[in-house]
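Novice: One structure, as structure tokens, below. Some questions next.
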Amino acid sequence: MNSPLDSLARLRAGRTKRISSYNRDGGNADKITIAPGEVVTIAKMRGPGCIRHIWFTVAHQDPMYRRNMILRMYWDGSKNPSVECPVGDFFGQGWGEEYLFAALPLAASPKAGKALNSYFPMPFAGGAQITVENDSEKPCGALYYYVDYEEYDKAQPDLGRFHAFWSRSRNEPTEGHENEWRLFTEFAKNLTDKFNHPIVDAEGRGHFVGVNYYVDSPTPLWYGEGDDMYFIDGEPWPPSLHGTGTEDYFNSSWCPKEIYIHPYFGYPRVNEQTGHLGRTHCYRFHIEDPIIFHKSLRGNIERGHADSLTTDIVTVAYWYQTLPHKPFPALPNRAGRQNMPPIGPREIHRWREAWRQLQGGGNLWGHEPLPKAFLEKLEKKASKGRKALAPAKNRAIAEAEMMKQEEMLNRRKGRK
């Protein structure tokens, strides 16, 4: 097996170029400023070529600038952006926060995650343009940046165009109540992706290469019983790629709650409160195992098993594909991109007292079973959602898939 460094000695075609914020008059004010509401083009390149590296650092009066500054990229003269994403979320910084993050294609490096880097190759044939919008009521006092790229004499064949899509969802539990870990009734059976959080919805030929997943959980229960599902080229249920749980998709196991950094996957930011209450950032890059599609790709993930939890999920999906691409849904406005209020001890105490009153008050500790009448009411309410989760057509398919699995397992009985 060759070393990954072997290619460094191979002579390359093209010319290395850079567009940066350096002070053109020779001074040391190596930055640009962006007024509130202003959109600036920070780089415009003629094609063909390929962006090799992008570096940002920002000084801003708005503490939420990483959600309120929008990064857009356009390839080959397209009017629709192939990248449209808040700056922080694109580079691996959720909720407008600053923390260290290191993966192969993306990194947030010292000081305290303020330096933002991308090493995704971004080829183009007919030019490229990068813009930054300051969607804030306060000015951006300084944006420092490098865009390092290569110019070519002719377009490189068989290269897809880089895409990144920001998606946010906050859901109502499909059964009408949060029923994770069978705390109220039996698990529902989910045979559809209709209620899942959307990650990617692409049309054309390409391959999916990764996702940053930012979840804010308002419950101490484990948020990650949700399965990932990727439907390739318009296929019906079940999809070609069906996972077994959120932590499994992100290459970990058993409800992790510890920081872990790997070039391809990890948890750079984990919840710090009771149980799994609060914010967690997971990432998975399909560097060795891209998801290939020829016509379309629809990828999503459950919010808890059978979409039984209310969560605030933001994902940034990264992929390459042919142009033109399917236009993205409209990016939520500034208010629609802000964080949910944090849940803390005061809120938990209110939950406890509400439970005590439901039980009739008195000298209760908190471990007592719920009233039978209340559980029966929940079960009745859940029936409508369970029918939607398991359409009749998919139930028949599921039975056939179970039989195929049993045949494949070829269970062998022990012999005396």
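The values are calculated or read from the model by the stated rules, or taken from the named source; none is laboratory data. For clarity, every value in this text was computed on a predicted model and none was experimentally measured. Here Cβ is always computed from backbone atoms with ideal geometry, including for glycine, and neighbour counts include all displayed protein chains.
Novice: For Tyr74, only one of the following conditions fails: (1) in a loop (DSSP other than H, G, I, E, B); (2) hydroxyl-bearing (Ser, Thr, Tyr); (3) without any contact (Cβ under 8 Å) to a residue 60 or more places away in the chain. What is its number?
Specialist: Unmet for Tyr74, out of (1) in a loop (DSSP other than H, G, I, E, B); (2) hydroxyl-bearing (Ser, Thr, Tyr); (3) without any contact (Cβ under 8 Å) to a residue 60 or more places away in the chain: (1).
Novice: Could you identify the single residue in Thr219, Thr174, Thr185 that is modelled with pLDDT under 95, of a type in the set (Val, Ile, Thr), surrounded by 22 or more Cβ atoms within 10 Å (Cβ to Cβ) and farther than 30 Å from Leu116 by Cβ?
Specialist: Thr174
Novice: Let me ask something else about it. Here is a check on your reading of the model: is Ala43 over 25 Å from Met122 (Cα atoms) and aliphatic (A, V, I, L, M)?
Specialist: Here the answer is no, as Ala43 does not meet what is asked.
Novice: Is it fair to say Lys79 is basic (Lys, Arg), touching a residue at least 12 places away in the same chain (Cβ under 8 Å) and on the phi < 0 side of the Ramachandran plot?
Specialist: In short, no.
Novice: Still on this structure: Which residues, counting only those in the stretch 237-273, are of a type in the set (A, V, I, L, M, F, W, C), in contact with a His (Cβ under 9 Å, 6 or more places away or on another chain) and modelled with pLDDT of 95 or more?
Specialist: Val270
Novice: Could you pull out the residue among Thr192, Thr219 that is out of contact with any Lys or Arg (no Cβ under 9 Å at 6 or more places or on another chain), of a type in the set (Val, Ile, Thr) and under 23 Å from Ser252 (Cβ atoms)?
Specialist: Thr219 is the lone residue from the list that is out of contact with any Lys or Arg (no Cβ under 9 Å at 6 or more places or on another chain), of a type in the set (Val, Ile, Thr) and under 23 Å from Ser252 (Cβ atoms).
Novice: Does any residue in the stretch 43-69 that is at pLDDT below 95 come within less than 6 Å, Cβ to Cβ, of a residue that is surrounded by 19 or more Cβ atoms within 10 Å (Cβ to Cβ) six or more places away or on a different chain, and which pairs are these?
Specialist: Gly47/Phe124; Gly47/Ala125
Novice: Same structure again: In the same structural domain as Phe195 (by TED's automatic domain parsing), polar (S, T, N, Q) and either touching a Cys at 6+ places or on another chain (Cβ under 6 Å) or buried (at least 20 other Cβ atoms within 10 Å of the Cβ) (or both): is that true of Asn251 in this structure?
Specialist: Judged against the criteria, Asn251 is not a match.
Novice: Which of the residues that make up the stretch 165-189 are under 10 Å from Leu309 (Cα atoms) and not basic (Lys, Arg)?
Specialist: The answer is Asn171, Glu172, Pro173, Thr174, Glu175, Gly176, His177, Glu178, Asn179, Glu180.
Novice: So, Pro239, is that one surrounded by fewer than 21 Cβ atoms within 10 Å (Cβ to Cβ), under 24 Å from Gly385 (Cβ atoms) and over 13 Å from the mean Cα position of the chain (by Cα) or not?
Specialist: Yes, satisfied.
Novice: Sort out which residues of the stretch 289-300 are surrounded by fewer than 24 Cβ atoms within 10 Å (Cβ to Cβ) and either modelled with pLDDT under 95 or in contact with a Phe, Trp or Tyr (Cβ under 7 Å, 6 or more places away or on another chain) (or both), and write them in order of number.
Specialist: If the condition is that a residue be surrounded by fewer than 24 Cβ atoms within 10 Å (Cβ to Cβ) and either modelled with pLDDT under 95 or in contact with a Phe, Trp or Tyr (Cβ under 7 Å, 6 or more places away or on another chain) (or both), then Pro290, Ile291, Arg298 are the ones that fit.
Novice: Please give the number of the condition Phe374 fails out of (1) touching a helix residue (DSSP H, G or I) at 6+ places or on another chain (Cβ under 8 Å); (2) assigned to a loop (DSSP other than H, G, I, E, B); (3) on the phi < 0 side of the Ramachandran plot.
Specialist: Among (1) touching a helix residue (DSSP H, G or I) at 6+ places or on another chain (Cβ under 8 Å); (2) assigned to a loop (DSSP other than H, G, I, E, B); (3) on the phi < 0 side of the Ramachandran plot, Phe374 violates only (2).
Novice: Restricting to the stretch 1-29, name every residue that is assigned to a helix (DSSP H, G or I) and modelled with pLDDT of 95 or more.
Specialist: If the condition is that a residue be assigned to a helix (DSSP H, G or I) and modelled with pLDDT of 95 or more, then no residue fits.
Novice: How about the stretch 92-195: which strands (runs of 3 or more DSSP E) wholly inside it have at least 2 residues that are closer than 22 Å to Tyr230 by Cα and either touching a residue at least 24 places away in the same chain (Cβ under 8 Å) or out of contact with any Leu (no Cβ under 7 Å at 6 or more places or on another chain) (or both)?
Specialist: Answer list for the stretch 92-195: 161-170.
Novice: Now for a different question. Which residues, taken from the stretch 265-295, are touching an Asp or Glu at 6+ places or on another chain (Cβ under 8 Å) and charged (D, E, K, R)?
Specialist: Arg269, Arg279, Lys295
Novice: Scanning for something under 19 Å from Glu172 (Cβ atoms), surrounded by 11 or more Cβ atoms within 10 Å (Cβ to Cβ), among the aliphatic types (A, V, I, L, M) and assigned by TED's automatic domain parsing to the domain that holds Lys189, does the stretch 378-385 turn up at least one residue?
Specialist: yes
Novice: Go through the residues of the stretch 254-264 one by one and say whether even a single one is buried (at least 21 other Cβ atoms within 10 Å of the Cβ) and of a type in the set (Lys, Arg).
Specialist: no
Novice: Hey, could you check the stretch 321-372 for residues that are of a type in the set (S, T, N, Q) and touching a strand residue (DSSP E or B) at 6+ places or on another chain (Cβ under 9 Å) and say which is nearest to Glu133 (Cα to Cα)?
Specialist: Asn339
Novice: Of (1) over 16 Å from Tyr149 (Cα atoms); (2) surrounded by fewer than 14 Cβ atoms within 10 Å (Cβ to Cβ), Pro36 satisfies all except one. Which?
Specialist: It is condition (2) that Pro36 fails.
Novice: How about the stretch 94-134: which of its residues are under 17 Å from Phe265 (Cα atoms), crowded, with 22+ Cβ neighbours inside 10 Å and touching a helix residue (DSSP H, G or I) at 6+ places or on another chain (Cβ under 9 Å)?
Specialist: Those that are under 17 Å from Phe265 (Cα atoms), crowded, with 22+ Cβ neighbours inside 10 Å and touching a helix residue (DSSP H, G or I) at 6+ places or on another chain (Cβ under 9 Å): Gly94, Phe101, Leu106, Ala108, Ser118.
Novice: Kindly list the number of the only condition in (1) surrounded by fewer than 15 Cβ atoms within 10 Å (Cβ to Cβ); (2) modelled with pLDDT of 95 or more that fails for Gln321.
Specialist: Condition not satisfied by Gln321: (1).
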